[in-house]
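What follows is a single structure, written as structure tokens, with notes after it.
The values are calculated or read from the model by the stated rules, or taken from the named source; none is laboratory data. Just so you know, these numbers come straight off a predicted model, no measurement behind them. Neighbour counts are summed over all protein chains in view; Cβ atoms, including those assigned to glycine, are modelled from backbone coordinates with ideal geometry. Note: accessible area is taken over every heavy atom of the protein model, side chains too, but ligands, DNA and RNA are not part of it. Shrake-Rupley method; radii C 1.70, N 1.55, O 1.52, S 1.80 Å.
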Amino acid sequence: MLDPRALERSMAEITRYIDEQEVETPEAVHELVKLITEDGDFPQYEPQTDIERAQDKMYDAWGESSPRKRIRLAKQALKISPDCADAYVLLAEETAKTPEEALKVYQAGVAAGERALGEETFTCDTGHFWEILETRPYLRALLGLAQAQIALGNSDEGIAALCRIIELNPDDNQGA
């Protein structure tokens, strides 16, 4: 079964394509997306930065059915960029044997996401994080961190992380 996170690759490619076209109105964006989806010819892009290359590797990992291959791809993503939060998320999900191990990996993922996004993203984009594909790996790491904290009986820390998710994404697309 395909992991839904793998589908974000198509969304990222469409978003990059629209950005390159310098489309300015919602109507023009709608027409461009309609054109792309009708002919089924999704634009293919080569990632430009290390974090984009690492995230692209993670899209491959999310689309993989073999746990061993997913883990290998996540480790490759971290070699490309240690700031790839989704790689930590996958490693926590696939390799952590205890909540303590998961917590450590999710903490690393949250820190990686903070580095990758930069302070300006948190200042300017709070309130609509889920709408920005680049912020989703951070939100996934933060949710995993919250769940690990709660599993360990650290309710205050877990609840604080859940509240942070709601602050960043009031629509709560993750069900925090």
Residue match in segment 145-154 (condition: under 16 Å from the mean Cα position of the chain (by Cα) and closer than 17 Å to Asp50 by Cα): no
Condition met for Ala6 (modelled with pLDDT of 80 or more, assigned to a helix (DSSP H, G or I) and of a type in the set (Gly, Ala, Ser)): no
Top-ranked residue in segment 44-59 [being farther than 15 Å from Arg136 by Cα and in a helix (DSSP H, G or I); ranked as farthest from the chain's Cα centre (by Cα)]: Asp50
Subset of segment 75-90 (residues that are in a helix (DSSP H, G or I) and either under 13 Å from Leu145 (Cα atoms) or small (Gly, Ala, Ser) (or both)): Ala77, Ala85, Asp86, Ala87, Tyr88, Val89, Leu90
Residue that is surrounded by the most Cβ atoms within 10 Å (Cβ to Cβ) [pool: residues in segment 66-93 that are within 16 Å of Leu143 (Cβ to Cβ) and acidic (Asp, Glu)]: Asp86
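Quick grid of which residues meet (1) out of contact with any Phe, Trp or Tyr (no Cβ under 9 Å at 6 or more places or on another chain); (2) aliphatic (A, V, I, L, M):
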residue	(1), (2)
Thr49	yes, no
Arg53	yes, no
Lys57	yes, no
Asp60	yes, no
Arg68	yes, no
Ile80	yes, yes
Asp83	yes, no
Ala92	no, yes
Among the candidates Lys104, Lys97, residue that is assigned to a loop (DSSP other than H, G, I, E, B), on the phi < 0 side of the Ramachandran plot and without any contact (Cβ under 8 Å) to a residue 12 or more places away in the chain: Lys97
Any hit, segment 11-32, residues being open to solvent by less than 60 Å² (accessible area, probe 1.4 Å), part of a helix (DSSP H, G or I), under 24 Å from Leu143 (Cβ atoms) and of a type outside the set (Ser, Thr, Tyr): yes
First in segment 161-172 and on the phi < 0 side of the Ramachandran plot, second anywhere and among the aromatic types (Phe, Trp, Tyr), Cβ under 8 Å, 6 or more apart: Leu168/Phe122; Leu168/Phe129; Asn169/Phe129; Asn169/Trp130; Asp171/Trp130
Complete set of residues in segment 148-167 that are surrounded by fewer than 22 Cβ atoms within 10 Å (Cβ to Cβ) and touching a Leu at 6+ places or on another chain (Cβ under 9 Å): Ile150, Ala151, Leu152, Asn154, Glu157, Gly158, Leu162, Arg164
